[in-house]
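The values are calculated or read from the model by the stated rules, or taken from the named source; none is laboratory data. In this text the structure is predicted, and so the values were computed from the model without any measurement. A quick note on method: Cβ atoms are made from the backbone with ideal geometry, for glycine too, and the neighbour counts reach across all protein chains shown.
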Amino acid sequence: MKTFVFFLTLLASICQAQLVDPAWLRDPEVVAAFQSVPILEGGRHKPLDTHARFLLLRLHGKQSMKVEDPERPGAEHPDLPGVKKLSASEWLLLSWFRPDIARKLPLFVVDNSQAVGEIDVEPKGLRDRYSWNEINPARKKLQEKAEGYSNIERNDRTGVQSQVISLARNFFDYDATSDYLLGARSDWRALSWEVLPVEVQSGLPKEGAYSYWDMASGLGKFIREKGADALAPGTGDKLLTEMIDRVVRPGMTLAIVPPADKANTAWIKVGDLITNVMREPQVAESELAIGRNRDAMLLAAANGKEAFKEAVKKWSGEIRAAAEGRGELKHVDREVSYYKRDYFTNALVLFLLGFLIATIGLVAPQTKFARIAGRIAFVPLVVALAYSVWGIAERCIINERPPVATLYETILFITAVSSLVALLLERVMRNGAGLALTGFLGALGLFLSNRFMALDGQDTMPTLEAVLITNFWLATHVTSINIGYAGAMLASILSMVVLAYRTFARGPGAIEKRRLLTRITYGVVCFGLLFSLVGTVLGGIWANDSWGRFWGWDPKENGALMIVLMGLVILHARLGGYIRETGLHVLSVLLGMITLFSWFGVNQLGVGLHSYGFTDGIWRALLISWGIQGGFMLLGLGHWAFERWGKGANAAKAPVKAQG
Amino acid sequence: MSSSSSQSTTNPFVLLFRFFSSFGLAVTVLSLLLVITLLGTLSQSDIGLLDSQRKYFDSWSVVHDFHVGSTVIPIWLPGGMALMMLLFVNMACGAVIRMRKGWKTIGVLISHLSIMFMLAAGYVSYLFKTEGALPLFEGQSGDLYQSYHDRVIEVRKFDAEGKGEATTLMIPMEDFMDLEPGKARTFYSKDLPFELLVTGYQRNAQVVPKQEEGASVIDGFGIQPVRVETTDEQNLSALVVTVTPKDGGAVERAILWEAAFEPFTVKAGKEAYTLSLTRRKWKLPFALRLEDFQRELHPGTEKPKRYTSHVTKIDNGSEQPQVITMNVPMRDRGFVLYQASFSQGTSGEQSVFTVASNPSDQWPLWSCVAVAFGLTIHFVMHLAQFLKRTLKPKEKAAA
Amino acid sequence: MNEFHSRRRLAVVFCCLSVLPFSSACKRLGERVEITETREISQYEAEPKLFAYSQQRFSNDPLSWETPAGWVQAERSQMRPINLRFGPNGEGECYLSMLPGGAGGTVANVNRWRKQMGQAELPEAEVAALPKRVLMGIEGVFVTLDGSYTNVGSAEATADQRLMGVIAALGEVGLFVKMVGPKELVVANEPAFNQFVESLRLRLPQGGGK
């Protein structure tokens, strides 16, 4: 009889786990309740949604996940009917509540199939995604290999070795994440009853399931009173191993419990909470409730969807209330909506649309058709710019600081500034070229910002180094130097446009247009020079104020100086008559190359700040850009040579003095 | 830029002036400065910041090795110092003396004068600036800051009771850093009863016990050169000094090492003299006592959010509490004290301050304001002109 | 023309100015150079130790001590970080040893030494009454024992010996200085022992200089 009851409980507990219908996890109310749960991560209070997004981005290379039948591409996944795509939060919930399904999904992105070959997993495509189930059989080998490679100096590792290390990190992080509710899903009677001391048993129900919270509290009391030695031999080890594997390890993935003690700034992880329950006679009720109610969500699923929903809302509400009481809920909801509105993707699409319409208009310049196209293109471009500015503003509010403090933010900011300036230039050009340029710059910049985020795979709103926490200098020096970068980039792209235009368009009209564009380019170079110069000097003044030297020839400073020097060279060479149209454009393209070097290149010169793969990706992008720019410079030199040649040929009769 | 004297002339002064005030010189110097900056930046990952600064930026000329495949092509280039001097002269001649003055060029004039002022500030700071570290444990007081890079040999006299004199003689690094093994130089002073022959300077070395006898082994120890670190602060230099008494007494030899625990002592009659190789030290006109060092972290991480030192300034017996924190240094009598770093050890928390004394400390700030002002005037004037020209006729046409 | 002349003068001035830094930059270094620079000593500077010998100056040993005149160094080991010998044939030995965890506390160690000298164990109260002695800045007990000495690991005892030593505890670490030898020799070397014990210290780099 007793065994029968035991069997029933076991069955019940297994069934409970199966009872969360994956469809419930995509219910908007459920998702919204989870997304807005505050957590503490990387020194900052943020929504669970952000955690899910960047975890998925790091593991998967994207912030959402496509779902299809692995056997029949394009068809529905048998376990997830009606689902084409999972958002990051939906994926996290599936991993918590239905790991059996989530672990089948192709999650881990591996850039080079050799990395999985190393651990004896059957490789798929060269760059492909693997599920937890596919990697799991090799977990031991993966760990051994990764540990071995970790002993190699970071700069000496091969690409494949680095990928094995990051795959191991990703796999074990996800392993713990997908076990987040394993403690609640486990049958603790089967695991522990036999070895528990009588004193602990008497505090637990004689029949039916009991939670590890009750068990831990009884066991903690027993150990505190009688010492760990009073446990039967082997008991302590066995219980400890189970607790660590099922509760502590998965529980360490998130700091989700706001401490009841207001003086304590570090939020508690469920793994710490259970340790506290065992170690201390009294654990704050509010903290314990969050731990217990986390498991209650899973158990409530047995009573149907509505009960589940209620439990989810209760848990989320408790954490939010506790955070609010501490004054730490601040911008969590704003951040959820920031990501939901997806300002920069929307802006990207609109920039692209505006670019296409404006380009169509350029096919037949100076016609009515072109004017109408220009007017139409103007609308999406202005909306796109508004989106960009709005998104940047939201980030400022969430971070409580000026717009630029990280490399990712420089891309957003420079894109917004340069496309805004390009839009203003249209007022001077009045032929649609400014519009096309605006769309092109905006779309390109935002596309690159997206790629950069994917390469980096980290929260784009990190806490800052101590010395950077100064709103005055972030607002003045960083902002003006980035406006300078924007000017320099815009000038170099304008020059590339002119050089290309020159290759295809001829005739007196074209020459006049080119002249105008050249003057505009020159103006933009001056604009960039003004801001880079002031920004660079401001940086020196900041450095002098913060660590006592105005100028230290450090790579980042030198990078900024190089932009200023190049700007000055262009300015003086033109004033001195050494360069005219073509020369200006060639040097302005060079200015763009130098700007890219200062913007991204110098950061990669130092060692050990970023992972190998990341640096690798940046260098590749830089080399490609330099290659393209170099090509344009050659084109410019070609024009120049042609000019000379042409002149030389024409001037056979009347020699013209070379102008110095 | 064209002036009344643009006719051909053979007057060498005119030609020289024309050369120094030309746009050609400006473009050449700026371009070379750009190249030097690029090379100096790239070289930092190999030779470190200090050496690249000395080689490329503080120098009159530099020979850069260009690597093309496996062949090395050495190219001579003017150094940063020479280029900046030339730039200064060029600006003075071209933009200040030669340029027509008027409302139209006022912006240009202001910005060139302020850039010249900034270069002058850099040169003054290069000549007269002192900068060093002042580390203090909680409760400890100090009024000395020691250079990060500058080494000196200190010679200090002690009387028969072992009481040291209030001043010490110093041999600056420039006088002995070239004395690699095989080169030697004698140092003397009327205040010293002996002469010092210095040789065998190593920029980074270990002093290790040596069993074998030999010329390089002194009292069981010898200098062992180590690869020079790219961060110069980590280098520990060493040298050999030979002490020859003026009265013809016995000659002594000793190793001096930056990391030695104690100085070498020379006995001369009843008095004694200590010799040591150390970082150059400067004295503040006041002392500082560290009362409390606080480190604030981002919650739940080990990432610092703010370092703060609560100190007491001891000035002629009067004590005054002060706070030094990130981005908020303490200034007094031309000295500026910054919160630089900290260390945690067995003896408690140690806060490290950077102390700087720079006569041209605030010059760049004034110059920056002026240059921004000047350039803004100039560019805005041009922009207005440009817009007027470009927009007007079209508007007329459109109307 | 006047304007031209003033310009020319200015140009000359600037050309001269530009040469000025070049000329000042090179300082000729001859064979002999006079020492001219001085620096004021600060009251906060640690006073150096005069007449330090090379071992003290260069060894990165965390321990510093003076080897008394007539004593010689023997091979050092993990168990004996300082190991000294004295006497005509090196019959006397004196060494420092350190044991983590204090190896049972002061009482146990005093009695361990008593046992080695063939003497009965002392009760705790009597150990507490032993004379005090400072070792490396820590107060310890001073022990003098006469008798037949049985060294660790040796089967036979040597008669007519004297053991003189200090036992102190630095946190968890037990510190011992032990001198053993023929009684007369040990008595004669007591001043040297005192000198050694007083000179013994842990070297912590003092602020500044390093």
Check: Can you spot a residue in region B:123-141 that is crowded, with 20+ Cβ neighbours inside 10 Å, more than 9 Å from chain C (Cβ to nearest Cβ) and not in a strand (DSSP E or B)?
Finding: yes
Margin query: Need pairs with beta-carbon distance below 6 Å; first residue of a type in the set (Lys, Arg) and within region B:152-179, second assigned to a loop (DSSP other than H, G, I, E, B); sequence gap 6+ or separate chains.
Written below: B:LYS157/B:GLU165
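Matching residues to (1) away from chain A (no Cβ under 14 Å); (2) at pLDDT 90 or above; (3) buried (at least 21 other Cβ atoms within 10 Å of the Cβ); (4) not in a loop (DSSP other than H, G, I, E, B):
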{"residue": "B:THR10", "(1), (2), (3), (4)": "yes, no, no, no"}
{"residue": "B:LEU16", "(1), (2), (3), (4)": "yes, no, no, yes"}
{"residue": "B:VAL27", "(1), (2), (3), (4)": "no, yes, yes, yes"}
{"residue": "B:LEU39", "(1), (2), (3), (4)": "no, yes, no, yes"}
{"residue": "B:LEU49", "(1), (2), (3), (4)": "no, no, no, yes"}
{"residue": "B:SER59", "(1), (2), (3), (4)": "no, yes, no, no"}
{"residue": "B:HIS67", "(1), (2), (3), (4)": "yes, no, no, yes"}
{"residue": "B:LEU77", "(1), (2), (3), (4)": "yes, yes, no, yes"}
Check: Does A:VAL569 satisfy being more than 9 Å from chain B (Cβ to nearest Cβ) and either on the phi < 0 side of the Ramachandran plot or in a helix (DSSP H, G or I) (or both)?
Finding: no
Check: Just a yes or no: is a residue in region A:195-218 within 15 Å of A:GLY251 (Cβ to Cβ) and among the charged types (D, E, K, R)?
Finding: no
Check: When you go through A:SER131, A:SER113, A:SER87, A:SER150 one by one, which is the residue that is in contact (Cβ under 8 Å) with a residue 40 or more places away in the chain and of a type in the set (Ser, Thr, Tyr)?
Finding: A:SER87
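This table checks each residue for (1) charged (D, E, K, R); (2) facing chain B (nearest Cβ under 9 Å); (3) surrounded by fewer than 21 Cβ atoms within 10 Å (Cβ to Cβ).
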site	(1), (2), (3)
A:PHE472	no, yes, yes
A:VAL478	no, no, no
A:ALA500	no, no, yes
A:ARG514	yes, no, yes
A:ASP554	yes, yes, yes
Next item on the list: Please specify each residue of region A:266-304 satisfying the condition of being surrounded by fewer than 16 Cβ atoms within 10 Å (Cβ to Cβ) and not in a helix (DSSP H, G or I).
Entry: A:ALA266, A:GLU280, A:PRO281, A:GLN282, A:GLY304
Note to self: If I filter region B:95-107 for residues that are crowded, with 16+ Cβ neighbours inside 10 Å, at the interface with another protein chain (Cβ under 9 Å from one of its Cβ atoms) and either at pLDDT 90 or above or on the phi > 0 side of the Ramachandran plot (or both), do I get at least one hit?
What the structure shows: no
Item checked: Among the candidates C:PHE142, C:PHE176, residue that is assigned to a strand (DSSP E or B), touching a Gly at 6+ places or on another chain (Cβ under 7 Å), at pLDDT 85 or above and among the aromatic types (Phe, Trp, Tyr) -> C:PHE176
Note to self: So in region B:216-251, with the set limited to residues that are among the hydroxyl-bearing types (Ser, Thr, Tyr) and modelled with pLDDT under 90, which one is farthest from B:SER45 (Cα to Cα)?
What the structure shows: B:SER216
Notebook entry, point to check: Given A:VAL569, A:VAL524, which one is without any contact (Cβ under 8 Å) to a residue 24 or more places away in the chain, among the hydrophobic types (A, V, I, L, M, F, W, C) and buried (at least 23 other Cβ atoms within 10 Å of the Cβ)?
Noted result: A:VAL569
Next item on the list: Mind listing whichever residues of region B:48-91 are within 29 Å of A:GLY576 (Cα to Cα), of a type in the set (S, T, N, Q) and more than 14 Å from the chain's Cα centre (by Cα)?
Entry: B:SER61, B:ASN90
Note to self: Pairs needed: first member in region B:322-337, away from chain A (no Cβ under 12 Å); second member anywhere, part of a strand (DSSP E or B) and surrounded by fewer than 14 Cβ atoms within 10 Å (Cβ to Cβ); C-beta distance under 6 Å; at least 6 residues apart or different chains.
What the structure shows: B:ARG333/B:PRO285
Note to self: Which pairs turn up if I take residues in region A:539-564 that are assigned by TED's automatic domain parsing to the domain that holds A:VAL602 and touching a residue at least 24 places away in the same chain (Cβ under 8 Å) and look for partners that are acidic (Asp, Glu) and surrounded by 20 or more Cβ atoms within 10 Å (Cβ to Cβ) with beta carbon separation below 9 Å, at least 6 apart in sequence or on another chain?
What the structure shows: A:GLY539/A:GLU557
Next item on the list: Please enumerate the residues belonging to region B:156-179 that are facing chain C (nearest Cβ under 9 Å) and assigned to a strand (DSSP E or B).
Entry: B:ARG156, B:PHE158, B:GLY164, B:THR167, B:THR168, B:LEU169, B:MET170, B:ILE171, B:PRO172
Margin query: Out of the residues in region B:264-315 meeting the condition of being among the small types (Gly, Ala, Ser) and outside any strand (DSSP E or B), tell me which one is nearest to the other protein chains (Cβ to nearest Cβ).
Written below: B:GLY300
Next item on the list: Please find, among B:VAL251, B:VAL198, B:VAL228, the residue that is surrounded by fewer than 16 Cβ atoms within 10 Å (Cβ to Cβ) and of a type outside the set (S, T, N, Q).
Entry: B:VAL251
Notebook entry, point to check: Which residue, of B:PHE261, B:PHE187, is in a loop (DSSP other than H, G, I, E, B), within 12 Å of chain C (Cβ to nearest Cβ) and closer than 30 Å to B:SER357 by Cα?
Noted result: B:PHE261
Notebook entry, point to check: Within the bounds of region B:208-217, is there any residue that is touching a residue at least 24 places away in the same chain (Cβ under 8 Å), surrounded by fewer than 20 Cβ atoms within 10 Å (Cβ to Cβ) and within 12 Å of chain C (Cβ to nearest Cβ)?
Noted result: no
Note to self: Can you go through B:ILE115, B:ILE153 and tell me which one is buried (at least 19 other Cβ atoms within 10 Å of the Cβ), within 23 Å of A:ASP545 (Cβ to Cβ), β-branched (Val, Ile, Thr) and more than 7 Å from every other protein chain (Cβ to nearest Cβ)?
What the structure shows: B:ILE115
